[in-house]
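One structure below.
The values are calculated or read from the model by the stated rules, or taken from the named source; none is laboratory data. The model shown is predicted, which means the values in this text are computed figures rather than measured ones. Cβ placement follows ideal geometry from the backbone for every residue including glycine, while neighbour counts extend to all protein chains displayed.
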Amino acid sequence: MIAKDIQNALDKYYATGARYIVPNVYFFGAGYCETDLLVVKEPNGFIYDIEVKISRQDFKADFNKSDKHQILEHGTRSYQYPTYERQDGQTQMFEAGTPRPVSGRPNRFFFAVPELLISRSEVPAYAGLLYVSESGKVTKVKEAPVLHKNVIPVETVLCRKFYFSFRELRDYKENSGVNTLKNKINRLDRENNELQSRLLEKANDIFLLQVTNRKLTQDLYEANQKLIINGIL
């Protein structure tokens, strides 16, 4: 089972009652990392972030993303350097390591894994757990708690991302993508012609060797006949 299989199963599982389902999107801002599957629920607009893991090593490595998990657990982020914030006309400095509130985090957070890959007890308190079987059945092993009840204006963020994705796709089709494919075709065509030329040269070499071999065989036969006639053999 690969990550895409789990995403497809989750897409079907959440299809009813979801306003949007978006795979592989950077949504929550700096420090949070990519969301494997973003689900926006109806009617409350709550956002679910579903992290897909296909191995225990991958699951454990996710906790190395300390900023992300601090944001999920506490709704804060600690910076490695001093930060500044301007309020009421005054600038306030925060020392490095000072937890700062952030607004970008999901309402619920889940891990989604192949069945029995991890246990319920391994999942932190702020996360839920979903099992996905080989057949694509999704089982909610642990419900994810509500981390906050704020509704993020998801359309504003997604519209901007989809707009730039659309432009990139359009440019790819109209310009660089087509040109790239043409260049690749031309390159492969040249390589094919070179290989055909080399094969032809090898074929000529083989033919010449065969002719030489036949002549040597004939010469050897004639020499043997002369020896026999002269009584030497």
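Worth a mention:
- Yes/no for Ala144 being modelled with pLDDT of 80 or more, among the small types (Gly, Ala, Ser), in a helix (DSSP H, G or I) and out of contact with any helix residue (DSSP H, G or I) (no Cβ under 7 Å at 6 or more places or on another chain): no
One line per residue, one yes/no per condition, for (1) closer than 13 Å to Asp49 by Cα; (2) in the same structural domain as Asp67 (by TED's automatic domain parsing); (3) exposed (fewer than 12 other Cβ atoms within 10 Å of the Cβ); (4) out of contact with any Gly (no Cβ under 7 Å at 6 or more places or on another chain):
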{"site": "Arg86", "(1), (2), (3), (4)": "no, no, yes, yes"}
{"site": "Ala96", "(1), (2), (3), (4)": "no, yes, yes, yes"}
{"site": "Gly104", "(1), (2), (3), (4)": "yes, yes, no, no"}
{"site": "Ala112", "(1), (2), (3), (4)": "yes, yes, no, yes"}
{"site": "Glu115", "(1), (2), (3), (4)": "no, yes, no, yes"}
{"site": "Ala127", "(1), (2), (3), (4)": "yes, yes, no, yes"}
{"site": "Leu130", "(1), (2), (3), (4)": "yes, yes, no, yes"}
{"site": "Glu134", "(1), (2), (3), (4)": "no, yes, yes, yes"}
{"site": "Pro145", "(1), (2), (3), (4)": "yes, yes, no, yes"}
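- With respect to (1) more than 29 Å from the chain's Cα centre (by Cα); (2) modelled with pLDDT of 85 or more, the lone exception for Asp219 is condition (2).
- Of all the criteria given as (1) under 20 Å from Phe162 (Cα atoms); (2) modelled with pLDDT under 95; (3) more than 21 Å from the chain's Cα centre (by Cα), the one not satisfied by Glu34 is (3).
- Close pairs (7 angstrom Cβ cut-off, 6 or more residues apart or separate chains): polar (S, T, N, Q) in region 17-44, part of a strand (DSSP E or B) anywhere: Asn24/Asp36; Thr35/Val25; Thr35/Asp49
- Any pair with Cβ under 6 angstrom, 6 or more apart, that starts in region 142-169 at a residue that is closer than 30 Å to Glu115 by Cβ and ends at one that is part of a helix (DSSP H, G or I) and not acidic (Asp, Glu): Lys142/Arg120
- Yes/no for Arg190 being surrounded by 10 or more Cβ atoms within 10 Å (Cβ to Cβ) and at pLDDT below 85: no
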